[in-house]
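As structure tokens, the structure follows; a few thoughts come after it.
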Amino acid sequence: MKLVNINKSYGSFQASKDISFKVPQGSLTALLGPSGSGKTTILRMIAGLEQPDSGDIIIGGKRVNDVPASQRGIGFVFQNYALFRYMTVFDNVAFGLKVQKKDKKYIRFRVMETLDLVGLSGLEKRYPSQLSGGQRQRIGIARALALEPRFVVCDEPVSALDVSIQSQILNLLSDLQKERKLTYLFISHDLSVVRHISNRVSVMFLGKLCEIGPTEDIYSAPKHPYTKFLLSSVPNPDPTKRKQDAELLMGEMPSPMNPPSGCRFRTRCPYADKLCAEKEPEEKIVDASGRKVYCHHPLS
Ligand code: ADP
Ligand code: MG
């Protein structure tokens, strides 16, 4: 999956600005950034629930901007399950297959197989209200996987769940990804989880990209000042380090309606200078892994 120069505005408000990145086949890429930075908008455009104003969405080498959501081969796992309450578990998981007019026998086989895969065999006659939050999210996952998607987008798939079952669901998603060689684009606010399960990270701030690269490289040495700030919010056991990190971020969160000129992070950035106010940073490749940073003064 590849995004090329995606732009999307709501009225005068630019929710995505020149977004280009690749999600390699078989990888789990995490999308990070503060609330309102445009992460959900990106997933919705990829899934076909929203149209970009310009730019290309490429899946399997083909531009899919004009392909309807149901024909893009994408599985979508939402934060709040979005199950049909009046349908049984079976009918929830079968829904997309019925839309695709698969034959009855195939649907039955596929639904039962997928329920087994997510650990819910035997619950097919129940209604969502008769299940726990964790079970409901498994149904949401089963519904996405029943269609054998080539690409799965997950929007904070566990943030509505009790902490005690979050890791179960994340491990399930991660195991399924490895077993089925799925490709994921994944939004989560849990930075430790992202480090644990993702291969690649894309960091956004106010509708723009900050940094993209392999997860371990970025976690061990962030090169964009916002990434460094974001990752420093993972509690640091060393109290002296914690203080330095806390000093990094200055000022108020800028208004998304009226973003700063030049670099959108510059009003909060301790390294910002005149150039940052005057010019939007372009993409820079900063190391041999192909890591990209959008900053005039990347950290060393
Ligand atoms: P995130 O998922 O990173 O929190 P979103 O993609 O949901 O961010 O939203 C990015 C910005 O776009 C937000 O400021 C949000 O208010 C705005 N936005 C999202 N969808 C719409 C819409 N349909 N109409 C107007 N503004 C929207
Ligand atoms: Mg969101």
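The values are calculated or read from the model by the stated rules, or taken from the named source; none is laboratory data. Keep in mind that what you see is a predicted model, and the values were worked out from it rather than measured. Reconstructed Cβ throughout: ideal geometry from the backbone, glycine too, with neighbour counts over all protein chains shown. Only protein heavy atoms, including side chains, enter the accessible area calculation; ligands, DNA and RNA are left aside. Shrake-Rupley method; radii C 1.70, N 1.55, O 1.52, S 1.80 Å.
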Worksheet item: Once amide H atoms are placed 1.01 Å from N in the peptide plane, what residues at a sequence separation of 5 or more from Val201, or on another chain, have their amide H within under 5 Å of its amide H?
Response: Ala30, Gly213, Thr215
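Find the percent of Cα-Cα distances in segment 168-222 that exceed 18 Å, and round it to a whole number.
Details: 520 of 1485 pairs.
The answer is 35 percent, as a whole percent.
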Discussion item. On a full-extension model of 0.36 nm per residue, what is the gain between Gln100 and Ser20, subtracting their alpha-carbon distance, rounded to one decimal in nm?
Written reply: 25.7 nm
Practice prompt. Please grab the % of Cα pairs in the chain that end up more than 34 Å from each other.
Written response: 25
Worksheet item: Residue by residue through segment 110-123, which ³J(HN,Hα) values in whole Hz follow from phi under the Karplus form 6.51 cos²θ - 1.76 cosθ + 1.60 (θ = phi - 60°), with glycine and proline marked x?
Response: 5, 5, 5, 4, 6, 4, 4, 4, 9, x, 10, 4, x, 9
Worksheet item: Mind listing the phi-derived Karplus ³J(HN,Hα) values for segment 181-197, rounded to whole Hz, using 6.51, -1.76 and 1.60 with θ = phi - 60°, and x for any glycine or proline?
Response: 6, 7, 10, 10, 10, 9, 9, 8, 9, 8, 5, 6, 4, 4, 4, 6, 10
Worksheet item: Going 7 Å from the Cα of Tyr10 toward and past its Cβ, which residues in segment 33-77 have a backbone nitrogen under 18 Å from where you end up?
Response: 33-54
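Carbon and sulfur: what percent of the chain's accessible surface (1.4 Å probe)?
Working: 7430 of 14420 Å².
The C+S portion of the solvent-accessible surface of the chain is 52 percent.
Tally Lys/Arg at +1 and Asp/Glu at -1 over every other residue whose Cβ is under 11 Å from the Cβ of Thr88; what's the total? Don't jump to the answer; show the numbers that get you there.
Numbers: positive: Arg85, Lys125, Arg126; negative: Asp91, Glu124.
So the environment of Thr88 carries a net charge of +1.
Want the number for Gln130 to Ser233: 0.36 nm per residue separation, take away the alpha-carbon distance, what's left? Could the numbers behind the result be given before it?
Working: separation 103, 0.36 × 103 = 37.08 nm, distance 3.76 nm.
So the chain would gain 33.3 nm between Gln130 and Ser233.
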Worksheet entry | Cα-based Rg of segment 11-90 normalised by 2.2 N^0.38 Å, two decimals | 1.24
Worksheet item: Hey, any idea what Rg/Rh is for segment 252-300, computing Rh the Kirkwood way over Cα pairs?
Response: 1.01
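Determine the alpha carbon to alpha carbon distance for each of Lys62/Lys178; Lys2/Lys101; Lys39/Lys181; Lys208/Lys279 and list only those over 21 Å.
Details: Lys62/Lys178 24 Å; Lys2/Lys101 29 Å; Lys39/Lys181 24 Å; Lys208/Lys279 14 Å.
Pairs exceeding 21 Å: Lys62/Lys178; Lys2/Lys101; Lys39/Lys181.
Please work out the FRET efficiency for the pair Asp273 and His196, using the Cβ-Cβ distance as r and a Förster radius of 45 Å; give the result to the nearest 0.05. Before the final figure, lay out each step's value.
Values: r = 37 Å, r/R0 = 0.81.
Using R0 = 45 Å, I get an efficiency of 0.80.
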Worksheet, complete the sentence: Taking Cα atoms only, helix 163-180 is inclined relative to the longest principal axis of the chain by an angle, in degrees rounded to 10, of 80
Worksheet item: Could you give P(r) for segment 43-85, binned at 10 Å from zero, as whole percent values over all Cα-Cα pairs?
Response: 26, 51, 19, 4
